[in-house]
Amino acid sequence: MTYKTTMMAALLAATALSGAQAADPIKIGVVTPLSGTYAGIGQQVRWGLELATKEVNAAGGIAGRQVELIFEDEEANPAVAVQKADKLFQVNKVDFLTGTVNSGSTLAVGQVAERAGKLIATTVSFADSITTDKCSPNVFRVNARAGQQSAALAVWLSKDKPKANVFYLGPDYEMGRSTVAAFKSAAEKVGATSSGEVFAPLDSKDYTQYFGQLRSARAQVLYTSVAGNDTVRLLTQMQEFGLLTNLTVVGASGTVTAQNLPAIGKAAEGFVTGVGYSAQIDTPENKKFVAAFQAANKMDPDLYGADSYGLIYAYKAAVEKAGSTDTDKVRKALEDLKWQTPQGEKTLRAGDHQAIQTMYVVRVTGGKFMTVGQVSGDDAIGPDACPRF
């Protein structure tokens, strides 16, 4: 080998090394509850994101760059979420942010993202307002909103419990009131009657104070959208007071999940919900995902884990389509993006940044979730209701 050839080889090697060093990781901030009543939800979010990130990095990353997740505990508190999101944008210089659970947190962090000129996506929050009247050009949602869940659940209700008398119990914040309003509207359209509603503070320890109203309503169906540890307390207290006899309990997607089902036990038997994901989806893609998730975490994925997993692949597809992590370019690439998830193909509708997906109805039977129906994505989502873009 000549001296000239040797020097050229050394120069090429140095150039390649310099390029590798220049390819800094893509930083994704994760503001999610890692403590408190929604810690179980945050755990599924973390597991889903970490599994997808591990797979993406092993396959070469996003456009040749590795992905780095940076976690902050939002405690399901909007004020805390805003502080943590601002830190991730300003100090950690994240390229993108996700993880918010509390719908109030998602709305508040969306405003932080606008000020920072960055994008966020929720994989959890249900409140319809996030992608309707309070929509933001910098906020996307890859999970099903309250209206989609309610549409699927109302189809089941009309067939299994026609003209039912329904009582409502939700958590007293944006998500709780949105989910109750969405299901009440959907249920009344299929012939159900409403006999009352109450809203309990987040992290309530005693639900027995509402049982008198529930009894007086003589309801056949209780709809609830409490979640995490609140569901454990609500259903176990209802069982202790004999309220589950001759009462069908239905609820929002996150009310009973793989995460809190073991703690609820027999009190969850017969619970029915409309969801965007079920571990029972019988496709090769979902079976592969469930097996990988179980191997990594010793637990089944729930909708939060599945939607968080799918988000990483949506962001990867958008960045590679855009050829950049620039906010405007990635936003454009995300709009009307179609991508594959464990649930099947999803589309991020450009008009409101809401995911369109097949919706499933599942019931807890023998301590397991069993699919009892499904509704197409187009039938469940309804028209675009975002007034801004």
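The values are calculated or read from the model by the stated rules, or taken from the named source; none is laboratory data. In this text, all values refer to a predicted model and were calculated from it rather than measured experimentally. When we count neighbours, we look across all protein chains shown, and the Cβ atoms used for this are built from the backbone with ideal geometry, even at glycine. Protein only, heavy atoms only, side chains kept; ligands, DNA and RNA dropped before computing areas. Shrake-Rupley method; radii C 1.70, N 1.55, O 1.52, S 1.80 Å.
Rundown of residues vs (1) at pLDDT 95 or above; (2) over 22 Å from R145 (Cβ atoms); (3) β-branched (V, I, T), yes/no style:
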| site | (1), (2), (3) |
| --- | --- |
| L12 | no, yes, no |
| P25 | yes, yes, no |
| L49 | yes, no, no |
| V56 | yes, yes, yes |
| D86 | yes, yes, no |
| V91 | yes, yes, yes |
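Looking across region 102-119 at every residue that is closer than 27 Å to P201 by Cα, of a type outside the set (G, A, S) and modelled with pLDDT of 95 or more, the one that is surrounded by the fewest Cβ atoms within 10 Å (Cβ to Cβ) is identified as Q111.
Could you grab me the full set of residues in region 154-211 that are without any contact (Cβ under 8 Å) to a residue 60 or more places away in the chain, open to solvent by 10 Å² or more (accessible area, probe 1.4 Å) and touching a Gly at 6+ places or on another chain (Cβ under 7 Å)? Those that are without any contact (Cβ under 8 Å) to a residue 60 or more places away in the chain, open to solvent by 10 Å² or more (accessible area, probe 1.4 Å) and touching a Gly at 6+ places or on another chain (Cβ under 7 Å): S158, P162, K163, R177, A182, F199. Among the residues of this structure, T341 does not count as one that is under 27 Å from F89 (Cα atoms), of a type in the set (V, I, T), open to solvent by less than 40 Å² (accessible area, probe 1.4 Å) and not assigned by TED's automatic domain parsing to the domain that holds A252. Close contacts from region 245-266, counting a first residue that is among the polar types (S, T, N, Q) and a second that is assigned to a strand (DSSP E or B), with Cβ to Cβ under 8 Å and a gap of 6+ residues or different chains, come to T248/V221; T248/L222; T248/V272; S253/T273; S253/G274; S253/V275; T255/T224; T255/T273. Going through (1) more than 24 Å from A380 (Cβ to Cβ); (2) crowded, with 17+ Cβ neighbours inside 10 Å; (3) not acidic (D, E) one by one, G276 falls short only on (1).
In this structure, is A333 under 20 Å from the mean Cα position of the chain (by Cα), under 28 Å from D133 (Cα atoms) and not in a strand (DSSP E or B)? Write out each step before concluding.
Numbers: under 20 Å from the mean Cα position of the chain (by Cα): no; under 28 Å from D133 (Cα atoms): yes; not in a strand (DSSP E or B): yes.
Against the criterion (under 20 Å from the mean Cα position of the chain (by Cα), under 28 Å from D133 (Cα atoms) and not in a strand (DSSP E or B)), A333 does not qualify.
For region 21-46, the set of residues classified as farther than 18 Å from T231 by Cα, under 13 Å from the mean Cα position of the chain (by Cα) and not in a strand (DSSP E or B) consists of V45, R46, listed by residue number. Hey, any hits in region 122-139 for a residue that's on the phi < 0 side of the Ramachandran plot, crowded, with 21+ Cβ neighbours inside 10 Å and part of a strand (DSSP E or B)? Within region 122-139, one or more residues are on the phi < 0 side of the Ramachandran plot, crowded, with 21+ Cβ neighbours inside 10 Å and part of a strand (DSSP E or B). Residues in region 299-325 that are open to solvent by less than 10 Å² (accessible area, probe 1.4 Å) and hydroxyl-bearing (S, T, Y) were compared, and the one that is nearest to V67 (Cα to Cα) is Y315.
Residue-wise test of (1) outside the structural domain of T122 (by TED's automatic domain parsing); (2) more than 18 Å from the chain's Cα centre (by Cα); (3) more than 25 Å from T257 (Cβ to Cβ).
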| residue | (1), (2), (3) |
| --- | --- |
| S308 | no, no, no |
| A314 | no, no, no |
| D328 | no, yes, yes |
| G351 | no, yes, yes |
| G367 | yes, yes, no |
| A385 | yes, yes, yes |
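Tallying residues that are open to solvent by less than 20 Å² (accessible area, probe 1.4 Å) and either under 20 Å from the mean Cα position of the chain (by Cα) or not hydrophobic (A, V, I, L, M, F, W, C) (or both) within region 57-101 yields 11. Among the residues of region 223-266, the ones that are at pLDDT below 95, more than 22 Å from Q43 (Cα to Cα) and open to solvent by less than 40 Å² (accessible area, probe 1.4 Å) come to 0 in all.
If you check K346 against the conditions, is it open to solvent by 60 Å² or more (accessible area, probe 1.4 Å) and not assigned by TED's automatic domain parsing to the domain that holds A152? No, not satisfied.
Picking from G196, G191, G265, G254, which residue would you name as being in a helix (DSSP H, G or I) and either out of contact with any His (no Cβ under 9 Å at 6 or more places or on another chain) or farther than 28 Å from R141 by Cα (or both)?
On the way: G196 fails: in a helix (DSSP H, G or I); G191 fails: in a helix (DSSP H, G or I); G254 fails: in a helix (DSSP H, G or I).
Exactly one of G196, G191, G265, G254 is in a helix (DSSP H, G or I) and either out of contact with any His (no Cβ under 9 Å at 6 or more places or on another chain) or farther than 28 Å from R141 by Cα (or both), namely G265.
Exactly one condition in (1) open to solvent by 20 Å² or more (accessible area, probe 1.4 Å); (2) in contact with a strand residue (DSSP E or B) (Cβ under 9 Å, 6 or more places away or on another chain); (3) at pLDDT 95 or above is not met by G373; state its number. Here G373 clears every test but (3).
Could you count how many residues in region 289-326 are part of a helix (DSSP H, G or I), in contact (Cβ under 8 Å) with a residue 40 or more places away in the chain and either of a type in the set (K, R) or over 18 Å from P25 (Cβ atoms) (or both)?
Of all residues in region 289-326, those part of a helix (DSSP H, G or I) come to 289-297, 303-322.
Still in the running and in contact (Cβ under 8 Å) with a residue 40 or more places away in the chain: 289-290, 292-293, 296-297, 303-316, 319-320.
Subsequent filtering for residues that are either of a type in the set (K, R) or over 18 Å from P25 (Cβ atoms) (or both) retains 289-290, 292-293, 296-297, 303-310, 314, 316.
Residues flagged as part of a helix (DSSP H, G or I), in contact (Cβ under 8 Å) with a residue 40 or more places away in the chain and either of a type in the set (K, R) or over 18 Å from P25 (Cβ atoms) (or both) within region 289-326 amount to 16.
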